[in-house]
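Just below is one structure, and these are the notes that go with it.
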Amino acid sequence: MVDSSLRNTIIAGTAICVLGLGLCQAATAAARRGQQGLTKNEPMGRHKGKVLRGAHMLIGGEKDLEALRAQIPVLAAKGLNTIVVEVDYNYQFRRRPEMFDPSGVTLAGARRFSATCRRVGVNVIPEIDCLGHQSWASATGALLTRHPELDETPGQYPNNQGIYCRSWCPLHPDLPTIVYPLIDELVDAFQASSFHCGLDEVFIIGSPFCTRCHGLDPALLFAKQVKSLYYHLLLHRVQMLMWSDRLLNASLTGYGEWEASANGTDPAIDLVPKGILLCDWHYEYRDSYPSLGIFLSHGFSVWPCTWNDANAASTFSSDAQTMNQWRIVGALSSTWGAVNASQLSAWPPFLATLEPWLN
Ligand SMILES: [Zn+2]
């Protein structure tokens, strides 16, 4: 049963979309034109004749980015051609001055990083983790610290006790004017043609503590947020990526409630645009990884993602490669602090992830 207020929101959104169809078509055409004559980093996709051999790194500030930049040539020599830099709010934002981080990445640093990557054929994808992951342990992230009004559970869970991570409210009317300028600023700073929106491990959604979301279908709320991000990026000719765990059903797939959803968001798989590149992360060894087939059958392109278990990384990446499906675009090695930049090029899980996709 869809709540009537959300149904009205969706109907209104559909009407706007129909009215704006010409705009959407124009944006798509613009995106095609942009891909023909790109001055930014190359668009992704195996269908463009390019397999994506990637790594994902957390960037806490300018020093982290410089340390990674120093390793880019050697990483490229190992086969890396795509780097996801999760900057989050660790940037010297100017379009939203209240979000300025003094030790964050600078515009000059981002441009320097992008230029180094371009010289050796590495595509740069910046990331802000959206919706969930707005806190970590007792520390609330910069967005909800400066804008507590965006909190999905305002005033609840002191010191974040009893929860995994805070979420922002996907229905807050001020969200686009606060968050989207941050996304746009990172895209411009890194001269990127793709952006990773995170969206993983959202456990708090449709909270009873939120006056807007209380009682609404988690799948509709999640899909609404995903679509909003997608169409914002589309109008800027930017490809969207996201972690795809919230689109999988934990009980049907046999995955756990982290790498798949046990909180009702998974029906959103039928509601979000197929143009999103899904980052399908699984870090443990399994006899099979059914999510790849699920996403392909729903029409998505998929980027399998590994972590710190070299055997599991090799198995998942090899399984994906041997499926020989053009919408499986390569493999992504995530690090999550398990290795620093100077050690990444010799890190066994990284090498095991890329190896099936070389040549
Ligand atoms: Zn809410």
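We did not get these values from a lab; they are worked out from the coordinates using the rules stated. Computed from a prediction, not measured in an experiment: that's the story for all the values here. In this analysis, Cβ positions are derived from the backbone assuming ideal geometry, glycine residues included, and neighbour counts consider all displayed protein chains.
Computed values, structure above
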{"quantity": "N340 versus R286: modelled label distance in nm, points set 7 Å from Cα along the beta carbon direction", "calculated": "3.4"}
{"quantity": "Dipole axis of the stretch 139-207 (+1 Lys, Arg; -1 Asp, Glu on Cβ), positive-most option in W168, P148, P158", "calculated": "P158"}
{"quantity": "Cα centroid of the stretch 126-183 to Cα centroid of the stretch 209-245, whole Å", "calculated": "14"}
{"quantity": "Cα→Cβ-extended label distance, 7 Å offset, between A137 and D174, nm", "calculated": "3.0"}
{"quantity": "Peptides ranked, highest mean first, by Cβ atoms within 10 Å: ranges 323-329, 88-94", "calculated": "88-94, 323-329"}
{"quantity": "The chain: relative contact order as a whole-number percent, Cα under 8 Å and 6+ apart", "calculated": "17"}
{"quantity": "Amide N of the stretch 341-359 lying under 16 Å from the label point, which is placed 7 angstrom from the Cα of A70 along Cα→Cβ", "calculated": "341-346"}
{"quantity": "Approximate spin-label separation L271-E257, in nm, with each point projected 7 Å along Cα-to-Cβ", "calculated": "2.1"}
{"quantity": "Cβ-placed point charges (K, R +1; D, E -1), dipole of the chain about Cα centre in debye, nearest 20", "calculated": "1480"}
{"quantity": "Residue among V51, G215, A139 farthest towards the positive dipole end of the chain, charges placed on Cβ", "calculated": "V51"}
{"quantity": "Diffusion constant of the stretch 75-219 at 25 °C, which comes from Stokes-Einstein with the Kirkwood Cα-pair radius and 0.890 mPa s, µm²/s", "calculated": "150"}
{"quantity": "Contour excess over end-to-end distance, with Cα ends at L358 and H214 and 0.36 nm allotted per residue", "calculated": "47.0 nm"}
{"quantity": "Share, in percent, of DSSP beta bridges within the chain that are antiparallel, nearest 5", "calculated": "10"}
{"quantity": "Karplus-derived 3J(HN,Hα), 6.51/-1.76/1.60, for each residue of the stretch 284-295, Hz, glycine and proline x", "calculated": "10, 5, 9, 5, 8, 10, x, 4, 4, x, 4, 5"}
{"quantity": "Gyration tensor (Cα) of the stretch 53-357, equivalent ellipsoid semi-axes in angstrom", "calculated": "28, 25, 17"}
